[in-house]
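Everything on this sheet refers to the single structure shown next.
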Amino acid sequence: MRKTALLVIWAVLSGCGAKSGEAPLPAPDRIQSEDARTSPAAPQVPSAGGAGAPAPRGEEGAGAGAGKTRKLVKRAELRLQAPQPDALETPVQEAMRKYGAYAASAEAHETSRYYAIRVPAGFYEPLLEELKALGRVLSRFESAEDVTLSYYDLESRLRSKEELRGTFRAYLGSAKTIEDIMAVETRLAEIQQEIEWMGTELRSLGNLVDYASITLWVQNPGAPVLDRPLLSERIAGVLNGFAGFASAALAALVGVILYGAPSLAAAALFYWLLLGRVGLLKKLWRLLRASGKGNKA
């Protein structure tokens with residue numbers, strides 16, 4: 001019955017629409033099919049490994065950053081023990097020449113040797129392994145600092161500043177008045193200083209990435225502990241020093257709170273009694289002056 005009534009209403013409305021020149025309305029069955037087609041469909045779960053399966057978010061992030069090379073600053077500190085540290089001078093120099101490294105600084109003592117070596121990052125591990133084989137390893141410390149974000153951020157900022165410099169140079173060519181020319185030249189000088197600073201920072205960071213650092217100590221078995229501490233020991237010393245300073249500052253603050261406030265309160269009370277509203281000293285001074293005048297009379 002309901003379907004028959006819908007058909008009668010559709011026939012009447014279609015007839016009215018045809019007479020007035022309007023497009024006929026769709027049939028009820030067609031309306032149901034249109035609703036089914038436009039209604040939100042239930043989500044379809046793709047089969048595992050299917051071609052239509054979306055990539056995981058982590059893989060998308062990895063693909064987005066795949067065009068940029070990771071920038072690592074590698075450092076190592078190696079302490080060796082050898083019967084004759086001076087006899088290792090030639091093997092160390094040969095190893096450095098082999099891998100294109102150089103000694104940024106070197107020290108020779110009676111019972112020990114010290115080298116600060118810079119080596120191309122690609123030969124960092126081979127050189128370190130070859131140096132380890134020269135003696136008995138007493139200690140070894142390695143670190144790899146990831147400066148990728150800092151490097152590319154600095155590179156992008158430098159590129160933006162260079163583009164800005166080009167824009168202001170174009171402004172300088174179209175400036176009409178002396179004031180405009182001086183303003184543009186002042187801004188150009190500031191931008192040039194920023195570009196030079198950023199360029200220096202970028203080159204320094206790039207040098208740290210391109211050349212790894214290896215600090216090598218060699219000492220004989222009877223030698224005392226080398227004066228130069230390891231980086232880890234230096235960091236621990238700094239942290240211990242800061243902890244000592246913080247504890248001393250906290251103790252001083254507690255002392256000020258515990259003893260300073262009562263001392264200030266006592267000082268304020270004495271001032272109020274002697275020189276303030278009560279003014280005992282003032283009253284005593286007046287009495288002494290009055291008695292002195294009476295004696296004179």
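Summary of computed values
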{"quantity": "Count of residues meeting criterion [closer than 30 Å to Leu127 by Cα, crowded, with 18+ Cβ neighbours inside 10 Å and aliphatic (A, V, I, L, M)] in the stretch 184-218", "calculated": "6"}
{"quantity": "Any hit, the stretch 108-115, residues being crowded, with 19+ Cβ neighbours inside 10 Å, among the aromatic types (Phe, Trp, Tyr) and part of a helix (DSSP H, G or I)", "calculated": "no"}
{"quantity": "Filtered residues of the stretch 70-107 (kept if among the acidic types (Asp, Glu) and assigned to a helix (DSSP H, G or I))", "calculated": "Asp86, Glu89, Glu94"}
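Bear in mind that the values in this text are calculations on the coordinates, not laboratory data. Fair warning: this is a prediction, and the values are worked out from it, not measured in the lab. Methodologically, a virtual Cβ is constructed for each residue, glycine included, from the backbone with ideal geometry; neighbour enumeration extends over all protein chains shown.
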